[in-house]
Each structure stands twice: as structure tokens, then as C-alpha cells.
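S.K.: This is the structure I want to talk about, given as C-alpha cells.
The values are calculated or read from the model by the stated rules, or taken from the named source; none is laboratory data. What you are looking at is a predicted structure, and each value in this text was computed from that prediction instead of being measured. Cβ placement follows ideal geometry from the backbone for every residue including glycine, while neighbour counts extend to all protein chains displayed.
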Amino acid sequence: MNTHAWYTHFTKNFSKVAGKSLTFIFAMILIIAWLISGPFFNFSNTWQLVINTATTIITFIMVFVIQNTQNRDTEAMQVKLDELIRVSKKAQNVLLDLEDLDEEQIDALRKKYIDIAQSTRKDSKK
């Protein structure tokens with residue numbers, strides 16, 4: 001398994017586990033245990049450092065996992081939309097791979113469709 005496939009496999013599984021309610025409950029139990037342990041450690045700097053370090057590491061990792069999952073989901077959705085556009089008889093195939101255009105090209109197409117929508121609204125009021 002190459003590095004890319006391993007990373008994709010890891011992030012898929014990690015995001016599934018991270019999104020479960022049991023994971024949230026486990027995290028809450030850890031926080032409550034940390035809070036309860038405060039008096040035993042005299043609320044020391046080390047006691048505070050443990051939770052700060054743990055949450056920073058988890059947040060850092062989750063940024064990459066969430067971004068990877070979101071990118072993969074967005075790409076899959078784009079492929080599905082492209083297929084719907086491709087098979088629709090009245091669709092304009094120019095809209096395929098729209099996400100690869102630069103901002104100005106997308107704005108021009110958006111303006112075109114806004115004009116079409118406004119024109120259609122005017123025609124439907126007649």
C-alpha cells in the first residue's frame with residue numbers, strides 16, 4: 001500500500017471513529033477525569049499543561065483529517081454532479097469541471113445564470 005492510499009485509509013477510518021457519539025462521550029469522560037484530578041495535583045502548571053498539550057495535538061491532527069475528508073467528499077460530489085450534467089439532455093456540458101475554472105470565469109458564468117433566472121422570473125410573471 002503506497003503512502004497516499006495508507007493516508008486515505010487512515011483518515012477515512014479516523015474520521016468515522018472521531019464522529020461517533022461514543023468518541024464524544026469518551027472525550028467528555030477524559031475531561032471530567034482531568035477536572036476531578038485537579039485537587040490531587042494542586043491544580044499545578046503540569047496538570048494544566050497535560051490537557052493543553054493533549055487538546056493541541058488532537059486539534060492539530062483533526063485539522064488534517066477533516067480537511068482530507070472534506071476534500072474527498074467534495075471531489076466525489078463534483079464527479080456525481082458532472083455525471084448528472086453529462087447525462088441530462090438539456091444541460092450545458094460547459095459546466096463540467098466547473099470547479100477547475102478560475103474565479104473570474106466562475107463569476108462570469110454565475111452572472112449568466114443570474115441573468116437567466118431573472119429573465120425566467122420576469123417571463124413567469126407575465
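S.K.: Does region 103-118 contain at least one residue that is within 30 Å of K16 (Cα to Cα) and among the hydrophobic types (A, V, I, L, M, F, W, C)? Working first, answer last.
M.R.: The first filter runs over region 103-118 and keeps only residues within 30 Å of K16 (Cα to Cα), leaving none.
Taking every residue of region 103-118 in turn, none turns out to be within 30 Å of K16 (Cα to Cα) and among the hydrophobic types (A, V, I, L, M, F, W, C).
S.K.: While we're on this one: (1) in contact (Cβ under 8 Å) with a residue 24 or more places away in the chain; (2) exposed (fewer than 10 other Cβ atoms within 10 Å of the Cβ): which one isn't true of D123, the others all being true?
M.R.: That leaves (1) as the condition not met.
S.K.: Is at least one residue of region 75-84 loosely packed, with under 12 Cβ neighbours inside 10 Å, closer than 30 Å to I116 by Cβ and of a type in the set (G, A, S)?
M.R.: The answer is yes, given that some residue of region 75-84 is loosely packed, with under 12 Cβ neighbours inside 10 Å, closer than 30 Å to I116 by Cβ and of a type in the set (G, A, S).
S.K.: Then there is this: Against the condition under 18 Å from T8 (Cα atoms), part of a helix (DSSP H, G or I) and assigned by TED's automatic domain parsing to the domain that holds T11, how does E75 come out, does it pass?
M.R.: yes
S.K.: Where residues in region 82-103 are of a type outside the set (G, A, S) and in a loop (DSSP other than H, G, I, E, B), which of them is modelled with the highest pLDDT? Lay out the reasoning, then the answer.
M.R.: The initial filter retains those residues of region 82-103 that are of a type outside the set (G, A, S), namely 82-87, 89-90, 92-103.
Remaining after also requiring in a loop (DSSP other than H, G, I, E, B): 89-90, 92, 96-97, 101-102.
On the way: K89: 80, K90: 81, Q92: 79, L96: 78, D97: 81, L101: 84, D102: 88.
Per the stated criteria, the residue is D102.
Let's see how each residue does on (1) loosely packed, with under 11 Cβ neighbours inside 10 Å; (2) assigned by TED's automatic domain parsing to the domain that holds G19; (3) over 30 Å from F14 (Cα atoms):
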| site | (1), (2), (3) |
| --- | --- |
| Q70 | no, yes, no |
| L98 | no, no, yes |
| L109 | no, no, yes |
| D115 | yes, no, yes |
| S119 | yes, no, yes |
